[in-house]
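The structure appears right after this line, and notes come after that.
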Amino acid sequence: VAGSTMKAVRCPTDDLSLTNRVVISEKEPNLEEHVVVSNNKQEFVFTTKRHNEVSVGSIAFSLPQVLSSFFPPSTVTNYKFDKSKGCINTMTVEIDFLQKKYIDSNPYDTDKMASEFLQRFFNQAFSVDQQVFVWAFQG
């Protein structure tokens, strides 16, 4: 599908925000599993999730995604991965607390964190410098 302008809105639920996917209408006719979202400054590849609370013509982002990049409305185009050269084999992730007043100084099991990250985000698109909003890992 040729790039179309969609209205950027906030995810309808916190659970959807934690998927790190863009959320589109269940009835959105032209978009597929992965899309390129761009504005005048940046371009990111996202995996989509369909939900009945998002209107056709809108694309929903988590709050950190909205704050970082995607207003004014975004151009959205389908994206097909070339799995021979478009797959991540190494990813560096910088982790921080969203709300600094709730910082936990207990040690975290980084092997368990990596395993949970891989399970939750298997076959999901990520771009360089993309912000990812995740849940609290259990030590």
Notebook entry, point to check: So who's got an amide H within less than 5 Å of the one on residue 74, skipping anything under 5 residues away but keeping other chains? H placed 1.01 Å off N, in plane.
Noted result: 6, 8
Check: Can you give the convex hull volume of the alpha carbon atoms of the range 4-78 per residue, in Å³?
Finding: 71 Å³
Notebook entry, point to check: Residues with amide H under 5 Å of residue 34's amide H, sequence separation 5 or more or different chain, H placed in the peptide plane at 1.01 Å from N; which?
Noted result: 48, 79
Item checked: Cα-projected label distance for residue 13 with residue 94, points at 7 Å along beta-carbon direction, nm -> 3.3 nm
Item checked: Fewest-first ranking of 35, 45, using other Cβ atoms within 10 Å as the exposure measure -> 45, 35
Checklist line | Under Karplus coefficients 6.51, -1.76 and 1.60, residue-wise ³J(HN,Hα) of the range 89-96 in Hz, glycine/proline x | finding: 10, 9, 9, 9, 10, 9, 10, 8
Margin query: Going by amide H atoms built from the backbone, whose H comes under 5 Å of the H on residue 11, apart from near neighbours?
Written below: 61, 62, 63
Check: Hey, rough spin-label estimate for residue 58 and residue 111, points 7 angstrom out along Cα→Cβ, what's it come to in nanometres?
Finding: 4.5 nm
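Read-outs: derived from the displayed coordinates by stated rules, not from any lab. Nothing here was measured: the structure is a model prediction, and the numbers come from that model. All Cβ positions, glycine included, derive from the backbone under ideal geometry; neighbour counts span all protein chains shown.
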